[in-house]
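The structure appears right after this line, and notes come after that.
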Amino acid sequence: MREGRPADRKRRRTKVPLWRWRNNPIRRRDDVLEAWLLLAIWVLIAVGGTVAGLVTARAADQVFAQQRAERNPLPAVLLDDVPRAATGMGRDLASARVRWTTSDGATHSGMTLVTTGKQAGSTVRIWIDAQGKLSTQPPTPTRAAVEAGLFGAAAALAVSGVVFGIGGSGRWYLDRRCIQQWDREWALVGPKWGHKTS
């Protein structure tokens, strides 16, 4: 078994915190720009993503609350048979014609989704919006909270992704500038070192 040299065992990588901001002879202007760019990216991701997520979640929650306030259930009579689907998987819905009477006594008819397996003349529950038109059932408070949270998370991820992409493009541009600068410097210094290898 071969033992490593003592220097190998004790070798540590030295990390200097915030070296890009410190004044040192090897720090370049692009290093400082990259440091500020990285700081801006992470601040925008943290703050911008959080704000976008919260604003979107709150807006979605308000829309769902408005839907619950404006939509009312009414009994309706099914005008056509709605046979059960052959698949037999879970709760199946199908479009069917229904007739209902509003509180002012007017009779209306229209198409809506109803549970399959019902016969004509059955009573079904429909939802009417503030204008008296057929609508879908509004989400329950629990489901609305979950959906608002998902919308908020999607908005936060979208903002974070855009910021990260723009920041990545900025870093790519800075890296290209550094490589071009090194090429120019090497073209000046390289010939002074003697013969070139090809």
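The values are calculated or read from the model by the stated rules, or taken from the named source; none is laboratory data. As the structure is a prediction and not an experimental result, all values here were calculated from the model. Using ideal geometry, Cβ is built from the backbone for each residue, glycine included, and neighbour counts are taken over all protein chains shown. Remember, those area values only see protein heavy atoms, side chains included, never the ligands or the DNA or RNA. Shrake-Rupley method; radii C 1.70, N 1.55, O 1.52, S 1.80 Å.
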Just one of the numbered conditions (1) touching a strand residue (DSSP E or B) at 6+ places or on another chain (Cβ under 7 Å); (2) within 21 Å of residue 69 (Cα to Cα); (3) open to solvent by less than 90 Å² (accessible area, probe 1.4 Å) is not true of residue 132; which one? (1)
Candidate set: the range 92-120, residues that are β-branched (Val, Ile, Thr) and touching a Lys or Arg at 6+ places or on another chain (Cβ under 8 Å); chosen: the one modelled with the highest pLDDT: 107
Confirm whether residue 42 is open to solvent by 90 Å² or more (accessible area, probe 1.4 Å), within 24 Å of residue 175 (Cβ to Cβ) and at pLDDT 90 or above. yes
Going through the range 107-129 one residue at a time, which ones are open to solvent by less than 80 Å² (accessible area, probe 1.4 Å) and among the small types (Gly, Ala, Ser)? 110, 117, 120, 121, 122
Cβ-Cβ under 6 Å pairs, at least 6 apart or on other chains, the range 137-157 side more than 14 Å from residue 57 (Cβ to Cβ), far side in a helix (DSSP H, G or I) and open to solvent by 60 Å² or more (accessible area, probe 1.4 Å): 138/68
Residue 104: passes all of (1) loosely packed, with under 12 Cβ neighbours inside 10 Å; (2) within 30 Å of residue 159 (Cα to Cα); (3) not hydrophobic (A, V, I, L, M, F, W, C) but (2)
Scan the range 175-194 and give yes if some residue there is within 18 Å of residue 42 (Cα to Cα) and surrounded by fewer than 11 Cβ atoms within 10 Å (Cβ to Cβ), otherwise no. no
